[in-house]
1. Just the residues that are closer than 20 Å to residue 115 by Cβ, in contact (Cβ under 8 Å) with a residue 60 or more places away in the chain and either in a loop (DSSP other than H, G, I, E, B) or polar (S, T, N, Q) (or both), please, taken from segment 140-168.
2. When only residues in segment 92-114 that are assigned to a strand (DSSP E or B) and out of contact with any Leu (no Cβ under 6 Å at 6 or more places or on another chain) count, which is farthest from residue 9 (Cα to Cα)?
3. It is to be established whether one or more residues within segment 115-128 are assigned to a loop (DSSP other than H, G, I, E, B) and either at pLDDT below 95 or more than 12 Å from residue 57 (Cβ to Cβ) (or both).
4. Go through the residues of segment 102-124 one by one and say whether even a single one is within 19 Å of residue 40 (Cβ to Cβ) and surrounded by fewer than 21 Cβ atoms within 10 Å (Cβ to Cβ).
5. Looking at 66, 127, 88 in this structure, which one is touching a helix residue (DSSP H, G or I) at 6+ places or on another chain (Cβ under 7 Å) and not polar (S, T, N, Q)?
6. Picking from 94, 149, which residue would you name as being crowded, with 16+ Cβ neighbours inside 10 Å and farther than 21 Å from residue 19 by Cα?
7. Of the residues that make up segment 37-59, is at least one touching a Gly at 6+ places or on another chain (Cβ under 6 Å) and touching a residue at least 24 places away in the same chain (Cβ under 8 Å)?
8. Would you say residue 9 is free of Cβ contacts under 8 Å to residues at least 60 places away in the same chain, in contact with a Pro (Cβ under 8 Å, 6 or more places away or on another chain) and of a type outside the set (A, V, I, L, M, F, W, C)?
Amino acid sequence: MTSLVVYESMFGATKALAEEIAQALGDDGPARVVEVGALAAEGPTLPDDVDLLVVGAPVHAFGMSRASTRSDAAKEKGTVISATIGVREWLALLVVRPGLRFAAFDTKVLTPRLPGSAAKAIDKHLRACGADRVCPPRTFSVHGKADGLVDGELDAARAWAGTLTATR
């Protein structure tokens, strides 16, 4: 089975998780990891061979990023990875084949623990489009906006990916 891991990342934490998840999924079949802007450039449909779609994004302003929050991030810390388009905009254009299996994750600052979830919004959108989730949305923790992942989160991502393949 083929997996596609799509991510939006500002400073690299969500990208690192996506790469770890894709590597773990690759133990069970072909897995591709791609930044959302690069995938959006390929068009609104997913490749026909995708059996599992995993989508991850950082939490911005209590949910998925917007152009304005990505711009603010770039002003605050310099260049960002996902500067052109975010998961929110990509999902609005995405054509989902009914029954496509998916999972969603996000990255969120550990402290202070604020409300909101990009993963839950991704999950809600994909289910509304007819996709089938394989597990509840998952949040991974970061130390501040650009201070990297909390220790152990890459291991947690690998373990989480293992649960996704167990449900295939």
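1. Passing the criteria: only 145.
2. Only one residue tops the list, namely 95.
3. yes
4. no
5. Going through 66, 127, 88 in turn, the sole match is 66.
6. From the options 94, 149, the qualifying one is 94.
7. Checked against the condition, which is being touching a Gly at 6+ places or on another chain (Cβ under 6 Å) and touching a residue at least 24 places away in the same chain (Cβ under 8 Å), segment 37-59 yields at least one hit.
8. no
The values are calculated or read from the model by the stated rules, or taken from the named source; none is laboratory data. The shown structure was predicted, so the numbers you read here are calculated from the model rather than taken from an experiment. Note that we place each Cβ from the backbone using ideal geometry, even for glycine, and neighbour counts take in every protein chain shown.
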